[in-house]
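**Student:** This structure is in structure tokens; I'll ask about it shortly.
The values are calculated or read from the model by the stated rules, or taken from the named source; none is laboratory data. Here the structure is a predicted model, which means the values were calculated and not measured. A quick note on method: Cβ atoms are made from the backbone with ideal geometry, for glycine too, and the neighbour counts reach across all protein chains shown. Just so you know, the surface numbers come from the protein's heavy atoms only, side chains and all, with ligands and any DNA or RNA stripped out. Shrake-Rupley method; radii C 1.70, N 1.55, O 1.52, S 1.80 Å.
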Amino acid sequence: PAVEAGAESSPSQGLAAADGEGPLLLKRQRRPAAYRSMVHYLKVREVGGWGPARLQGFDGEMRGYAVQRLPELLTERQLELGTVNKVFASQWLNSRQVVCGTKCNTLFVVDVQSGHIARIPLLRDSEARLAQDQQGCGIHAIELNPSKTLLATGGENPNSLAIYQLPTLDPLCLGDRRGHKDWIFAVAWLSDTVAVSGSRDGTVALWRMDPDKFDDTVAWHSEAGLPVYAHIRPRDMEAIPRAIINPSNRKVRALACGGKNQELGAVSLDGYFHLWKAGSALSRLLSIRLPYFRDNVCLTYCDDMSVYAVGSHSHVSFLDLRQDQQNIRPLCSREGGTGVRSLSFYRNIITVGTGQGSLLFYDVRAQKFLEERASATLESSSGPARRKLRLACGRGWLNHNDFWVNYFGGMEVFPNALYTHCYNWPEMKLFVAGGPLPAGLHGNYAGLWS
């Protein structure tokens with residue numbers, strides 16, 4: 001998933017105190033400390049007294065401070081999602097709305113303030129060929145292009161790539177021609193009009209979208225008033241190389257765009273990381289065996305540090321492809337081997353969603369977890385060990401069906417795997433969602449942390 005940046009402080013706070021100092025400011029004008037204060041920064045920013053470069057530098061420092069302190073200030077408000085089964089993917093559309101995809105193949109928008117849910121019709125293939133065994137796959141990926149004018153996700157057939165226009169969510173096109181032969185697990189945008197999808201069939205596909213061209217060739221509404229969309233084919237499709245070990249399990253599980261150089265990282269379930277160069281076609285640059293290769297299901301990229309992070313059964317591994325030897329040691333989630341289920345980077349902090357319903361926060365530069373403030377202030381080395389900051393998510397909703405009764409003995413409390421999370425940094429909000437980890441259990445969880 002993608003993290004939004006841009007948190008700013010309100011210029012209205014603290015100005016009265018500055019005005020109240022009166023003539024004392026004249027005596028302190030030459031003191032550098034006065035020019036480094038928050039009050040001075042807010043007042044000067046209000047009248048435009050600093051140039052853009054200096055403002056950006058100070059804003060950068062404030063965002064760095066915010067990302068360190070925000071997690072311990074977050075509190076949860078659970079959201080009711082009805083009876084949908086396991087939220088696999090989510091993205092913020094604006095300050096109030098989050099779009100979500102579920103295992104039961106439901107695409108919907110939830111208003112985090114009112115709780116209102118609006119379902120989005122899925123796009124249907126030009127030829128009805130949806131097999132019965134595909135209906136339980138669901139929507140595993142939702143991604144917005146850089147300008148937030150297009151949304152990519154799965155179609156009614158989970159093998160097809162659906163593109164919607166934003167903010168209207170009108171359908172634009174569906175990639176259902178000569179594309180994937182199995183479920184789409186991951187999507188990444190390389191630019192505003194170029195996307196890549198990764199599938200369980202072991203292939204990655206390159207797609208190009210031209211909204212202006214589609215406007216000229218597609219009648220957007222039929223006589224019955226239903227939306228009509230274009231049906232497209234990939235510009236290129238490449239297969240993941242077969243590994244000597246476990247060659248049949250080369251399913252593409254996660255994708256991440258590597259900065260501005262048109263590089264794409266991919267993780268396959270056979271325990272490999274693959275790097276691709278994307279231009280008019282896809283060209284594989286390298287493949288690396290991962291140090292931890294069980295349940296590699298999530299991947300993210302840090303622009304500030306040029307580092308990929310891969311989530312596995314109980315670890316997060318870091319890959320700096322500029323270095324011959326990796327200098328960032330893997331972190332262990334220590335959550336009972338239930339797996340790392342979602343990852344996101346902001347600056348040097350990585351947020352980890354686990355299979356045990358908890359959020360962890362790791363400082364990659366310091367190579368340690370963020371700690372609870374009370375335990376972090378302990379000065380005695382002989383005292384109790386410092387406790388890492390851990391946010392425990394709520395119970396959510398669980399379907400008390402026959403499977404739950406027969407296989408789990410009617411267990412009332414069951415932790416939710418946090419399959420997805422996304423930040424709204426300008427408003428300091430975090431949306432988290434998921435559901436019970438066992439495949440047979442039916443349930444969901446969603447929460448707004450702010």
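**Student:** Within the stretch 240-272, track down each residue that is over 16 Å from residue 183 (Cβ atoms), in a strand (DSSP E or B) and either in contact with a Ser or Thr (Cβ under 7 Å, 6 or more places away or on another chain) or among the polar types (S, T, N, Q) (or both).
**Tutor:** 256, 272
**Student:** Residue under question is residue 144, and the condition is that it be at pLDDT 95 or above, farther than 14 Å from residue 101 by Cα, open to solvent by less than 30 Å² (accessible area, probe 1.4 Å) and not small (Gly, Ala, Ser); does it hold?
**Tutor:** Details: at pLDDT 95 or above: yes; farther than 14 Å from residue 101 by Cα: no; open to solvent by less than 30 Å² (accessible area, probe 1.4 Å): yes; not small (Gly, Ala, Ser): yes.
So residue 144 does not fit the description; no.
**Student:** Also: Every residue in the stretch 195-206 that is open to solvent by less than 10 Å² (accessible area, probe 1.4 Å) and either among the polar types (S, T, N, Q) or closer than 14 Å to residue 175 by Cβ (or both), please.
**Tutor:** 195, 196, 197, 198, 199, 204, 205, 206
**Student:** Looking at the structure I just gave you, is residue 158 open to solvent by less than 10 Å² (accessible area, probe 1.4 Å), touching a residue at least 12 places away in the same chain (Cβ under 8 Å) and touching a helix residue (DSSP H, G or I) at 6+ places or on another chain (Cβ under 6 Å)? Please lay out each step first, then the result.
**Tutor:** Numbers: open to solvent by less than 10 Å² (accessible area, probe 1.4 Å): yes; touching a residue at least 12 places away in the same chain (Cβ under 8 Å): yes; touching a helix residue (DSSP H, G or I) at 6+ places or on another chain (Cβ under 6 Å): yes.
So residue 158 passes the test.
**Student:** Can you work out which of the residues in the stretch 396-424 that are at pLDDT 90 or above and within 19 Å of residue 339 (Cα to Cα) is surrounded by the most Cβ atoms within 10 Å (Cβ to Cβ)?
**Tutor:** If we take residues in the stretch 396-424 being at pLDDT 90 or above and within 19 Å of residue 339 (Cα to Cα), then 416 is surrounded by the most Cβ atoms within 10 Å (Cβ to Cβ).
**Student:** Right, another one. Filter the stretch 377-395 down to residues that are open to solvent by 40 Å² or more (accessible area, probe 1.4 Å) and either of a type in the set (A, V, I, L, M, F, W, C) or modelled with pLDDT of 90 or more (or both), then give me how many there are.
**Tutor:** Let us first name the residues in the stretch 377-395 that are open to solvent by 40 Å² or more (accessible area, probe 1.4 Å), namely 377-382, 384-388, 390, 392, 395.
After this cut, where a residue has to be either of a type in the set (A, V, I, L, M, F, W, C) or modelled with pLDDT of 90 or more (or both) as well, the list is 378, 385, 390, 392, 395.
Total meeting the criteria: 5.
**Student:** Of everything in the stretch 352-370, what is within 15 Å of residue 389 (Cβ to Cβ) and surrounded by fewer than 18 Cβ atoms within 10 Å (Cβ to Cβ)? Give them in sequence order.
**Tutor:** Hits for the stretch 352-370 are 363, 366, 368.
**Student:** Based on this model, can you work out whether residue 360 counts as of a type in the set (A, V, I, L, M, F, W, C), in contact with a Pro (Cβ under 8 Å, 6 or more places away or on another chain) and either part of a helix (DSSP H, G or I) or at pLDDT below 95 (or both)? Break it down stepwise before answering.
**Tutor:** Values: of a type in the set (A, V, I, L, M, F, W, C): yes; in contact with a Pro (Cβ under 8 Å, 6 or more places away or on another chain): no; either part of a helix (DSSP H, G or I) or at pLDDT below 95 (or both): yes.
When the stated conditions are applied, residue 360 does not pass them.
**Student:** So, in the stretch 92-113, of the ones that are of a type outside the set (Ser, Thr, Tyr) and assigned to a loop (DSSP other than H, G, I, E, B), which residue ends up nearest to residue 161 (Cα to Cα)?
**Tutor:** Step one: of the stretch 92-113, the residues of a type outside the set (Ser, Thr, Tyr) are 92-94, 96-101, 103-105, 107-113.
Next, only the ones that are assigned to a loop (DSSP other than H, G, I, E, B) stay: 93-94, 96, 103-105, 112-113.
Values: 93: 19, 94: 23, 96: 26, 103: 16, 104: 17, 105: 13, 112: 27, 113: 30 Å.
Among residues in the stretch 92-113 that are of a type outside the set (Ser, Thr, Tyr) and assigned to a loop (DSSP other than H, G, I, E, B), the one nearest to residue 161 (Cα to Cα) is 105.
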